[in-house]
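Notes for the one structure printed next.
The values are calculated or read from the model by the stated rules, or taken from the named source; none is laboratory data. Because the structure is predicted, anything quoted here is derived from the model rather than measured. Every residue, glycine as well, gets a Cβ built from its backbone with ideal geometry; the counts of neighbours run over all protein chains shown.
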Amino acid sequence: MTSQAKTLERDQVTPIRMFWLASLSMILILAQSLSAQARESFAELAEKISPSVVNITTSTTVAGRTGPQGIVPEGSPFEDFFREFQERNGPGDRPRRSSALGSGFVISEDGYIVTNNHVIEMADEITIEFFAGDELPAEVVGTDPNTDIALLKVESDEPLPFVSFGDSDTARVGDWVMAMGNPLGQGFSVSAGIVSARNRALSGTYDDYIQTDAAINRGNSGGPLFNMDGDVIGVNTAILSPNGGSIGIGFSMASNVVTRVVDQLQEFGETRRGWLGVRIQDVTEDVAEALGLASAKGALVSDVPEGPAMEAGMQAGDVIVSFDGREVEDTRGLVRQVGNTAVGKSVRVVVNRDGETQTLLVTLGRREEAESAVPAAQPGPDEDATPETMDLMGLTLSPLNSEIREQLELSDNAKGLAVMDVDETAEAYEKGLRAGDVITEAGQAQVLSVGDLQDRIAEAREAGRKSILLLVRRGGDPRFVALSITESD
């Protein structure tokens, strides 16, 4: 082919390419324009779901004041003056009514309504106001303070408009969301924003919050957080704010947590969460090294009181790596997994014990029934030997005897090493050990004397480990602490 022919072919192809590139650019611009137009208005979505969102007004009887307490100190020369002032302004001890406002949403045509527990807590009367202006009294079906969720019920002659829960796990950071409710008592209001973060934890055991910058203010509590399909993916619960107003950091309890709670409240009037019966803590890097684990994952068992885990043979020092076929990342994940499992179900729990894995079959109890249970003390003889005080790893240690047990208010059969003092420059102090703590195990073996602890340190050193794991109790609460071991220890 001559160079002239090549030039002719190139001249014919270039316009075709330019045409397709131009067409593709126009398609992209049109798609972006349509997408932008779709985001410009939430009017259709708001119109569709507004009838299912409600305002909640509660009324509570509050005890009146009984005198000038809190205004002036008792015995102050101004005490009589303030008492006379209160008497002139009416009886201070007369009960009074207090009102509060919140939000909620209808989840069934027969009148079930979801809101926050703190919205209706201690309320004597609950009134539901619907979008059309109608009002109905509501009764509490059940509450769950752990997730701050409450389920209410109203009786209506007509089927009520309702909304459905969506899958909160499909929500992505950056997705559009819309919040509805009764902010600051101003009536029905809509705000829009995006999902700012997922899986946020505030303070609760079962926390799984969606963080959003959609405006959430006082009065929005209990209202729904919608995705763009009109499904509820969260219940607006809390805000982070220095002044009580929205600064763009709001939190909604994820719908996948709420739906399980609502189902149980609707069926039983209360929650029924699974209970394993262990005290646990996260596996840190130094704890993993002390135990010879490949990675800092799982949940370290610090105590096994009487319950399902003890019956299945679980021991303090075990690391739970799998629960009911799912890998355990940390304590928060395990608590949620156990809580979401049915009471009475037998599950396989894989633990790492002394470097080897074991599978235990545990039949779960019910957490609500066990929360007030007190672990039984382990019986044992009272060996009141002469104290053998020694400094080790920055700790001044002494075996427990009757005098020390009495000082620390311990039971007569408590065993271990009492921490008499802690060097404030030592690693032990940095990791939270204090005088009055009791070390009951070292290297997952019981220690009754300083010699026992020295033997465990020697064994850990011979195994090539750089730290040793101590089981420390304070006020009856156990936790594991890994301390570095040096040649001088």
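For the stretch 324-367, enumerate the residues that are out of contact with any Lys or Arg (no Cβ under 6 Å at 6 or more places or on another chain) and hydroxyl-bearing (Ser, Thr, Tyr).
Thr331, Thr341, Ser346, Thr357, Thr363
Is the stretch 432-445 home to any residue that is among the hydroxyl-bearing types (Ser, Thr, Tyr), at pLDDT 85 or above, under 31 Å from the mean Cα position of the chain (by Cα) and within 21 Å of Asp354 (Cα to Cα)?
Scanning the stretch 432-445, I find at least one residue that is among the hydroxyl-bearing types (Ser, Thr, Tyr), at pLDDT 85 or above, under 31 Å from the mean Cα position of the chain (by Cα) and within 21 Å of Asp354 (Cα to Cα), so the answer is yes.
Is at least one residue of the stretch 270-281 over 30 Å from Glu368 (Cβ atoms) and aliphatic (A, V, I, L, M)? Working first, answer last.
To start, the set of residues in the stretch 270-281 that are over 30 Å from Glu368 (Cβ atoms) comprises none.
Checked against the condition, which is being over 30 Å from Glu368 (Cβ atoms) and aliphatic (A, V, I, L, M), the stretch 270-281 yields no hits at all.
In this structure, is Ala342 within 23 Å of Thr143 (Cβ to Cβ) and not in a helix (DSSP H, G or I)? Can you show your working first?
Values: within 23 Å of Thr143 (Cβ to Cβ): yes; not in a helix (DSSP H, G or I): yes.
In short, yes.
If you check Gly325, Gly277, which single one turns out to be of a type outside the set (Lys, Arg) and in contact (Cβ under 8 Å) with a residue 24 or more places away in the chain?
Testing whether each residue is of a type outside the set (Lys, Arg) and in contact (Cβ under 8 Å) with a residue 24 or more places away in the chain leaves just Gly277.
Hey, any hits in the stretch 414-434 for a residue that's without any contact (Cβ under 8 Å) to a residue 24 or more places away in the chain, surrounded by fewer than 21 Cβ atoms within 10 Å (Cβ to Cβ) and in a helix (DSSP H, G or I)?
To start, the set of residues in the stretch 414-434 that are without any contact (Cβ under 8 Å) to a residue 24 or more places away in the chain comprises 418, 424, 430.
If we keep only those that are surrounded by fewer than 21 Cβ atoms within 10 Å (Cβ to Cβ) as well, we get 424, 430.
Restricting the remaining residues to those that are in a helix (DSSP H, G or I) gives 430.
Yes, the stretch 414-434 contains a residue that is without any contact (Cβ under 8 Å) to a residue 24 or more places away in the chain, surrounded by fewer than 21 Cβ atoms within 10 Å (Cβ to Cβ) and in a helix (DSSP H, G or I).
Could you look through the stretch 166-215, keep only residues that are surrounded by fewer than 18 Cβ atoms within 10 Å (Cβ to Cβ) and hydroxyl-bearing (Ser, Thr, Tyr), and pick out the one that is modelled with the highest pLDDT?
Restricting to residues being surrounded by fewer than 18 Cβ atoms within 10 Å (Cβ to Cβ) and hydroxyl-bearing (Ser, Thr, Tyr), the top hit is Thr170.
Pairs under 6 Å by beta carbon, first residue farther than 22 Å from Phe251 by Cβ and in contact (Cβ under 8 Å) with a residue 12 or more places away in the chain in the stretch 143-169, partner buried (at least 22 other Cβ atoms within 10 Å of the Cβ) and among the hydroxyl-bearing types (Ser, Thr, Tyr), six or more apart or different chains?
Within 6 Å, the pairs are Pro161/Ser52; Phe162/Ser52.
Taking the conditions exactly as written (buried (at least 18 other Cβ atoms within 10 Å of the Cβ) and either closer than 20 Å to Glu368 by Cβ or touching a residue at least 40 places away in the same chain (Cβ under 8 Å) (or both)), does Ala288 satisfy them or not?
Here the answer is no, as Ala288 does not meet what is asked.
Filter the stretch 249-278 down to the residues that are part of a loop (DSSP other than H, G, I, E, B) and farther than 11 Å from Thr147 by Cβ, then identify the one that is modelled with the lowest pLDDT. Explain how you work it out, then say what you get.
Keep residues of the stretch 249-278 that are part of a loop (DSSP other than H, G, I, E, B), which gives 249, 269-273, 276-278.
After this cut, where a residue has to be farther than 11 Å from Thr147 by Cβ as well, the list is 249, 269-270, 272, 276-278.
Numbers: Ile249: 88, Gly269: 94, Glu270: 93, Arg272: 92, Leu276: 94, Gly277: 92, Val278: 91.
Taking the candidates together, the pick is Ile249.
Checking the conditions here, which among Arg336, Arg366, Arg326, Arg348 is at pLDDT 90 or above and out of contact with any strand residue (DSSP E or B) (no Cβ under 9 Å at 6 or more places or on another chain)? Walk me through how you get there before you give the answer.
Numbers: Arg336 fails: at pLDDT 90 or above; Arg366 fails: out of contact with any strand residue (DSSP E or B) (no Cβ under 9 Å at 6 or more places or on another chain); Arg348 fails: out of contact with any strand residue (DSSP E or B) (no Cβ under 9 Å at 6 or more places or on another chain).
None of the other options fit; the residue is Arg326.
Taking the stretch 279-297 only, how many residues are farther than 18 Å from Arg465 by Cβ and either assigned to a loop (DSSP other than H, G, I, E, B) or out of contact with any Pro (no Cβ under 8 Å at 6 or more places or on another chain) (or both)?
4
Against the condition in contact with a helix residue (DSSP H, G or I) (Cβ under 6 Å, 6 or more places away or on another chain), surrounded by 20 or more Cβ atoms within 10 Å (Cβ to Cβ), part of a strand (DSSP E or B) and hydrophobic (A, V, I, L, M, F, W, C), how does Val301 come out, does it pass?
Judged against the criteria, Val301 is not a match.
Restrict the check to the stretch 118-133 and report whether at least one residue is without any contact (Cβ under 8 Å) to a residue 12 or more places away in the chain and not assigned by TED's automatic domain parsing to the domain that holds Val258.
Taking every residue of the stretch 118-133 in turn, at least one turns out to be without any contact (Cβ under 8 Å) to a residue 12 or more places away in the chain and not assigned by TED's automatic domain parsing to the domain that holds Val258.
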